[in-house]
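See below for the structure under consideration.
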Amino acid sequence: MSQLTIVDLAKRLGLSKSTVSRAFRDNVDINPATKARILAMAEEIGFSPNVYASSLKANKSLTIAIIIPEFGNKFFSQAIKGIEAVARSKGYHTLIYVTDHQVQNEASIIRSLANGRVDGVIISASGEGKDHSHIQLLEERGIPVMFFDRAYDDWKGGYITGNDFDSAYLATKHLITNACKRIAYLAINPNVSIGKVRKNGYEKALLEAGLTIHPELILDTVNDAEQNMRDIAALIEREKPDAIFASVERLAISSIRVAKQQGIRIPEDLKIICFSCLDIADLIDPALSVVKQPAYEMGELVTKYLLDKMDDPTSDKFANSVYLDSQLIFQKSSLK
């Protein structure tokens, strides 16, 4: 039996080819009842549109690139799930690239994509460097870009992120309420957008409570677990903090390990809270207090914005950042 075509389906339904085609492209200018009838008949006769051929005619790859700093972080795995759910529902495929927090890797990836391999790019900034001209290259080639979670200071467009300032402020205020006065703030690359915003929220809570901001309690460390554990151990020995606010979950985990190695009791001697998407925070001993980020929802929304930007790149809405609320979950690690 010869392969069914969109013309065959249109004849069976008594509709025009363009009407049937709009149903498969998910156009808004088609009656929902007509669309449902078309899709039901397609299912009945086993018709599937040749998306690849259609994309070639439209000069589209139907592919979206996702560029992230790392894989070893629950936040990004959850965000990717959200991105892919929306992309698949609209007939797009995704390609995932990892920069390992290196701006040169990010630039190399983007230059390889600028030849039209993808229709759009979703990116979370590597956090390095002052030259981000590679981002401009995409825009010059007409490839829409949307940032999520992390952006650059020189990025002129909006991006989708969490309400990190408010969350950091409330997390620090929670530690203060629980009798903490020497609160250490731990970060990896505090120059990236979220690092600065979270630090600002931490500092506001200290000042509001009449506490001094001690620069020596603010630790800028690295991704490597062995090295950041050494840095944290040195900080604890030198500064004797009574609480740690970690801007990323891996630093909270390293802090717990250091505390156990040194016989420091949590929460009696040291209270801990962190930004995290861990589903098992309650299973850690003691249960870890977290600022739980809406990673999946962030992935969904940034993809919807990117698809909208593909349709109308000049819309004013892309100049405004969107802030999603995180959930503060206070557990044993930060309570009296």
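The values are calculated or read from the model by the stated rules, or taken from the named source; none is laboratory data. Because the structure is predicted, anything quoted here is derived from the model rather than measured. Here the Cβ is made from the backbone with ideal geometry for all residues, glycine too, and neighbour counts use every protein chain on show. Ligands, DNA and RNA are excluded from the accessible area calculation, which covers all protein heavy atoms including side chains. Shrake-Rupley method; radii C 1.70, N 1.55, O 1.52, S 1.80 Å.
Out of K90, K74, K57, K35, which single residue is open to solvent by 70 Å² or more (accessible area, probe 1.4 Å) and at pLDDT 85 or above?
Only one candidate qualifies: K90.
What are the residues in the range 262-299 that are polar (S, T, N, Q) and free of Cβ contacts under 8 Å to residues at least 60 places away in the same chain, if any?
Of everything in the range 262-299, just one residue is polar (S, T, N, Q) and free of Cβ contacts under 8 Å to residues at least 60 places away in the same chain, namely Q262.
Please verify whether the range 187-202 includes one or more residues that are touching a residue at least 60 places away in the same chain (Cβ under 8 Å), among the hydrophobic types (A, V, I, L, M, F, W, C) and open to solvent by 60 Å² or more (accessible area, probe 1.4 Å).
There is no residue in the range 187-202 that is touching a residue at least 60 places away in the same chain (Cβ under 8 Å), among the hydrophobic types (A, V, I, L, M, F, W, C) and open to solvent by 60 Å² or more (accessible area, probe 1.4 Å).
Could you tell me which residue of the range 99-115 is surrounded by the fewest Cβ atoms within 10 Å (Cβ to Cβ), considering only residues that are under 9 Å from S126 (Cα atoms) and touching a helix residue (DSSP H, G or I) at 6+ places or on another chain (Cβ under 8 Å)?
T99
For V222, are the conditions met, namely being among the aliphatic types (A, V, I, L, M), under 17 Å from I256 (Cα atoms) and at pLDDT below 95?
yes
With the structure loaded, tell me whether I329 is over 23 Å from the mean Cα position of the chain (by Cα) and within 18 Å of G201 (Cα to Cα) or whether it fails that test.
So I329 fails the test.
Would you be able to say whether some residue in the range 277-291 is outside the structural domain of D149 (by the TED database), open to solvent by less than 20 Å² (accessible area, probe 1.4 Å), assigned to a helix (DSSP H, G or I) and not charged (D, E, K, R)?
Yes, because at least one residue in the range 277-291 is outside the structural domain of D149 (by the TED database), open to solvent by less than 20 Å² (accessible area, probe 1.4 Å), assigned to a helix (DSSP H, G or I) and not charged (D, E, K, R).
Within the range 159-185, track down each residue that is within 20 Å of T212 (Cβ to Cβ) and buried (at least 22 other Cβ atoms within 10 Å of the Cβ).
The answer is A168, A171, T172, L175, C180, I183, A184, Y185.
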